[in-house]
Amino acid sequence: MQTKHYYYAVTGANAGLGLESVRQLASLHDVRPRNGGTCSNEYATAIIGVTIFLLCRNPVSAQQAIDSLTASKNEYPTNVSFTYVPFDSSDRSSVKTAIETLSQSITDRYIINGLLLNAGGFTSDRNGTLTKSGTTIIAETNLIGHAVLVDGLIQSKKLQQGSRVIFSGSEAGMGEPFAIKWGNDLDYYINILTGKAYKTKKNKNKYTPQDGYGHIKGMIAFYTAAMARRHGDIYFAAVSPGSTKDTYLMDQGSFPNALKYVFKGIICLSGQHGVDVGAGRYIDALVDNNGGRDGWGYESGTFVCSKKGYIGEVCDATELKKGKPFGEQSKQDLLYEAVQSFMLR
């Protein structure tokens, strides 16, 4: 009789899309007997446990999240457990400690089945402030820190054949309202990561959170595709949750109040769906067909986004005019090289 223990890790798991993703993951792996009968071989003999790691910065909010999950325990299988792992994607020492914790917490015969890289957003930075590694806070938090986490878990063999890695993408990565004109040289991408792209000839800072966010989300799509080509045994995808209510994306502190409410109004007018729908996009990608979700037919390396606007049906971004550059391997390779140059700092 074969047994299996599933392991998942979600960054930014204490609230919003991250917490909802944990809830949905927990409800998928039900091994309880059906209709009062005995457990079937398909379930009970295959799954002996599910551990979901909640990776986030604040231990208080993390414990509150776990308390809310355990309070609803009757909604989940009895074999599901939740574990907090301290994690700040903008702090390299925190990322490295999280790698060690995850690697030591999972026994040798098991892997991380799904890793959801949800932490980030606009962050609280308004000026393109640099981290110790030399990248902007928004770049380090959304992309570089997560890239370091993935690399470390590959090195420790906790991400390997059968693992699925999902980066949080966004339609903003294609440019709004006009398409981003992605460059064809390495310096172009490095300058975005370091903030130099936002300096005028007179060294005046023209950084805006919306520009930084759009660039980094687009670069995540390039990086995801590059990783998929280099690690064919691991599934990678960048998935946009779409325009989602109750995520506090605009409340992180990067915008003055007046501008924040203007953007919130524009977002509401463009349409939003619930956090359950946004997280559902992540889970569709994170759990393969055998895990209980059908219909996910996107190849590894795909950037999956809304087909029209910010909600509704999804598609491969390269099917859209503004998304065609994400299919260019030369740009994927430039972005990969740019990210790698900051990995060891």
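Computed values, structure above
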quantity	calculated
Lys204 paired with Asp108, simple spin-label distance in nm, labels 7 Å along Cα-to-beta-carbon	6.3 nm
Surface share of carbon and sulfur [accessible, 1.4 angstrom probe, percent] for the stretch 109-188	49 percent
Within straight-line cross-link reach of Lys157, aspartates and glutamates at Cα separation under 13 Å, skipping those fewer than 8 residues along the same chain	Glu100, Asp108, Asp233
Solvent-accessible surface ranking, highest first, for Asp284, Asp246, Asp185, Asp108 at 1.4 angstrom	Asp108, Asp246, Asp185, Asp284
Accessible surface, per residue, of the stretch 145-223 when the full set of protein chains is kept, probe 1.4 Å, Å²	44 Å²
Å² of accessible area per residue within the stretch 56-124, as computed with a 1.4 Å probe and no ligands counted	47 Å²
Accessible surface ranking that places the most exposed of Thr101, Thr136 first, with a 1.4 angstrom probe	Thr101, Thr136
Heavy-atom accessible area per residue - the stretch 298-345, 1.4 Å, Å²	54 Å²
Calculated FRET value between Gln161 and Lys181, using beta carbons and R₀ = 41 Å, to 0.05	0.65
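The values are calculated or read from the model by the stated rules, or taken from the named source; none is laboratory data. Bear in mind that the values here come from a model prediction, so they are computed numbers and not experimental data. Because the Cβ atoms are built from the backbone with ideal geometry, glycine has one as well, and the counts that use them run over all protein chains shown. Each accessible area value is taken on the protein alone, full model and side chains, heavy atoms only, with ligands, DNA and RNA left out. Shrake-Rupley method; radii C 1.70, N 1.55, O 1.52, S 1.80 Å.
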